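Here is the structure we will look at, set down as structure tokens.
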Amino acid sequence: MQNYTPPTPPRRTIRLTRRGRTALIATGAVVAATAVAVPLLSTDDRNEPRTLVIPEGWRTGQVYAAMDKALALPAGSSKKSLDKARLKLPNDASGNPEGYLFPATYPLDKKSTPVSLLTYMVDTANKKFGGGTVTAGAERNAMNVYQTVTVASIVQAEAATKADMGRVARVIYNRLDRGMPLQMDSTINYALNRSTLRTSENDTQLESPYNTYARMGLPPTPIANPGEEAMRAAVTPTQGDWLYFVTVKRGDTRFTADYEEHKRNVAEFNRAGKGASASSG
């Protein structure tokens, strides 16, 4: 979804700090399916069960709004409950639950509250992300689990299809490994609280820690709440040397390690006037 392609840095072997360094992932991971209902509280309304569905890739703002609606609360109530929730988040999160409101179908009853819902979402995420395979995979990438969730959130936002997720993750790791900026449109969209298929040159000048065109390494937090497939891709990316990608049209995402080829793909995307995903590079 990008029509601006800045010059690419030369290939080099300089590595980022530990927060940004990566190595090839050697093992797989299976993160529990997001469609599984997570029991929250016992319900007395068995004849008319109510649920709250959190889709993969929703941002915290979308989750809060859905909670307010499901619980028939004034807008902003769920977000205001964060201070009371005392969520068990990683230290790196600094109290921000982005990335840890696990996508699933949550039953509701008369006792459900924003605090109870947020607590169960985060506790569920900790169970899914805290397994030995995920932890070991993160360590092999010179990252911690929180940073791996951040990678998964970018994959969730950038990949046009589940089949593309492993390759998008590989682009992220390859660029970090080469000391290149990620240049992901999705991180700018997050900073601007928008969703768009195109990023302008002016957008890439945005003053924000989420501007991965101007700043090196990962953004400071996840940019969405990733699901099972995205997390699996972040732990076990597809093998390849790709550094760039662009979805020229629906079902046609092109990955390449060659900058000139990428420029031709971006030009085709721009001529088409529409796309289905983001590009990098």
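Seen through its C-alpha gyration tensor, with square-root eigenvalues sorted a ≥ b ≥ c, region 160-275 comes out rounded because a/c lies under 1.5.
For region 165-250, the share of accessible area belonging to carbon and sulfur comes to 43 percent (1.4 Å probe, ligands and nucleic acids excluded). Here's the picture: a label point sits 7 Å out from the Cα of A257 along the beta-carbon direction, and within region 232-251 the residues with their amide nitrogen under 11 Å of it are 240-243.
Each residue, N193 and L206, gets one label point 7 Å from its Cα in the Cβ direction; the gap between the two is 1.2 nm.
Peptide packing: for 141-152, 240-251, the average count of neighbouring Cβ atoms within 10 Å per residue gives the ranking 141-152, 240-251, highest mean first. The protection proxy used here, the mean number of other Cβ atoms lying within 10 Å of each residue, ranks peptides 57-67, 166-176 as follows, highest first: 166-176, 57-67. Rounded to the nearest 20 debye, the dipole magnitude of region 142-281 is 240 debye, with +1 charges on Lys and Arg beta carbons, -1 on Asp and Glu beta carbons, and the Cα centre as origin. For region 87-129, the dipole from Cβ point charges (+1 on Lys and Arg, -1 on Asp and Glu) about the Cα centre works out to 180 debye, to the nearest 20.
Hey, which aspartates and glutamates would be in cross-link range of K111, C-alpha to C-alpha under 13 Å, not counting anything within fewer than 8 residues on its own chain? Those aspartates and glutamates meeting the cut-off are D44, D45.
Probe of 1.4 angstrom, ligands and nucleic acids ignored: what's the accessible area per residue over region 51-130, in square angstrom?
Numbers: 3940 Å² over 80 residues.
I get 49 Å² per residue for region 51-130.
Each of K249 and D83 was given a label point 7 Å from its Cα along the Cα-to-Cβ line. The distance between the two points is 5.4 nm.
The values are calculated or read from the model by the stated rules, or taken from the named source; none is laboratory data. Small disclaimer: the values here were computed from a predicted structure and weren't measured. All Cβ positions, even for glycine, are placed from backbone atoms using ideal geometry, and neighbour counts span all protein chains on display. Ligands, DNA and RNA are excluded from the accessible area calculation, which covers all protein heavy atoms including side chains. Shrake-Rupley method; radii C 1.70, N 1.55, O 1.52, S 1.80 Å.
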